[in-house]
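Trainee: Have a look at this one.
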Amino acid sequence: MTNTEKQRMMSGVDVGKKRKGLLITPELCIGCRACQTACKQWNRLPGDRTVNSGTYENPPRLTPHLFNKIHFIEKNSNVGVDWLFVRRSCMHCGQAGCMDICPAPGAIFRTKEGAVMYDKKKCIGCKLCVAACPFDVPRYDENDKISKCTLCSDRISNGLSTACAKACTTGAIKFSSRDGLIAGAKTAGYKVYGENDLKGLGVTFAIRESPEAYNLPDPTYNASIAFWDGFLRPFSVIGLGAAAAAALLHYITIGPKEVEPEDESGKGGE
Ligand code: SF4
Ligand code: SF4
Ligand code: SF4
């Protein structure tokens, strides 16, 4: 593989005009969660056991079986409570820390449409992608394999919309070419979150207030990822092995592995 080809497979890849994306417009969302259900249906994901925690937001966080969720933000207003509904899912970052730090060749890769996709058969369960993700996205299934939104790669590679966008009747989730979605949002007078962050998020947001009002973070690229890419990755190639290199990197960046209590959420890195 040439350096240019390698660069294309790594973060910051220029997928050019073929890059597809989602545009989320929270002010159009009514919190019906049809998108959550459609995602589960298409991906054949089981339900999650939950408890009533005093909020309609349910489940409370992403799980190995919940690739997108609607975050409910409550604000006091003159007439009671105002709701703001904001999607949470993988952002399909242009500069994807999860992909850069992953020591298992081919376990996380970018599709030609720009999705950050994964191959469970190649995942070694090291959970480094959890530490590298600024959006707290990757989860681990019962077999200790990565689990997250795929941008419906199996659908969009066949010319279909994502299941969540198809199910959304209000237009709060739109699927199309990323450039076109962003241009449309700006024409409609919105600010766009994610246009340039991490070399452009694949999931952008059309917003009217500051990102903080939507609990959207200011994403940063973990500096240790660059160290891994430039120094440690060759060890996994020349024979140290992906798992051993991952263990070394985990020790350097996060510390010694501890036995974790059972976690219903399936979150590997907590
Ligand atoms: S389907 Fe659309 S309106 Fe309903 S919760 Fe999802 S994004 Fe909001
Ligand atoms: S949001 Fe996290 S899991 Fe998704 S592409 Fe970005 S770094 Fe990877
Ligand atoms: S793009 Fe597909 S996999 Fe991702 S949240 Fe939407 S329906 Fe689920």
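What follows is calculated from the coordinates using simple rules that are stated; it is not laboratory data. What you see is a predicted model; the values in this text were computed from it and never measured. We place every Cβ from the backbone using ideal geometry, glycine too, and count neighbours over all the protein chains shown.
Trainee: Sort 72, 135 by Cβ crowding within 10 Å, fewest neighbours at the top.
Mentor: 72, 135
Trainee: Which residue, chosen from 103, 116, 129, occupies the Cα position most advanced towards the positive end of the dipole of segment 51-134, where the dipole is computed from +1 (Lys, Arg) and -1 (Asp, Glu) charges on Cβ about the Cα centre?
Mentor: Farthest along the dipole direction, towards plus: 103.
Trainee: While we're here: Give me the distance in nm between label points sitting 7 Å out from Cα along the Cα-to-Cβ direction at residue 160 and residue 122, one decimal.
Mentor: 2.4
Trainee: Mind sorting 221, 118 by how few other Cβ atoms lie within 10 Å of their own Cβ, fewest first?
Mentor: Going from least to most buried by this count: 221, 118.
Trainee: While we're looking at this one, here's another question. Sort 27, 113, 212 by Cβ crowding within 10 Å, fewest neighbours at the top.
Mentor: Arranged by neighbour count, lowest to highest, 27, 113, 212 become 212, 27, 113.
Trainee: About the Cα centre of segment 108-183, what is the dipole size in debye to 20, counting +1 per Lys and Arg Cβ and -1 per Asp and Glu Cβ, all else neutral?
Mentor: 120
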